[in-house]
Amino acid sequence: MDVSQGRELSNGMHRSTGSFELVLGPLLMGLIGLLLDRWLGTTPLFVVVLAVIGLAGAAVNLYYGYRNQMDEHEAAAAWRKPPTGEHTTGDATDG
């Protein structure tokens, strides 16, 4: 396996972590809620509440992670406009 194949495999593995977050976050929070419900003798209140919190947390994490990746991609893109005051080489305005 050459370097580019290893890099692609690593990037693919990194992208697949979102599916684990969406499953394991609510599952683990729900299990904690189940333990709390059994300990306190309540209805499945904590199971539902903590599972929803786990799902919302995983979704927010994926959303902001995706936005961060897209911002980095956009900043490195060839079509990006340089910020004001930044000069590029070979431009007609470069003295």
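Read-outs: derived from the displayed coordinates by stated rules, not from any lab. Values in this document were obtained by computation on a predicted structure and should not be read as measured data. Quick reminder, even Gly has a Cβ in these numbers, built from the backbone with ideal geometry, and neighbours come from all protein chains shown.
Extension gain, Leu28-Val48: 0.36 nm per intervening residue step, less the Cα-Cα distance, totals 6.0 nm. For segment 17-75, what relative contact order do you get, as a whole percent, if you take Cα pairs closer than 8 Å and at least 6 residues apart? Reported relative contact order: 36 percent. Rg and Dmax of segment 17-75, both derived from C-alpha coordinates alone, stand at 15.0, 53 Å. Grab the beta carbon distance between Thr17 and Trp39, set R0 = 30 Å, and tell me the FRET efficiency rounded to 0.05. Step by step, r from the Cβ atoms, then E = 0.45.
Each residue, Arg80 and Ala59, gets one label point 7 Å from its Cα in the Cβ direction; the gap between the two is 3.0 nm.
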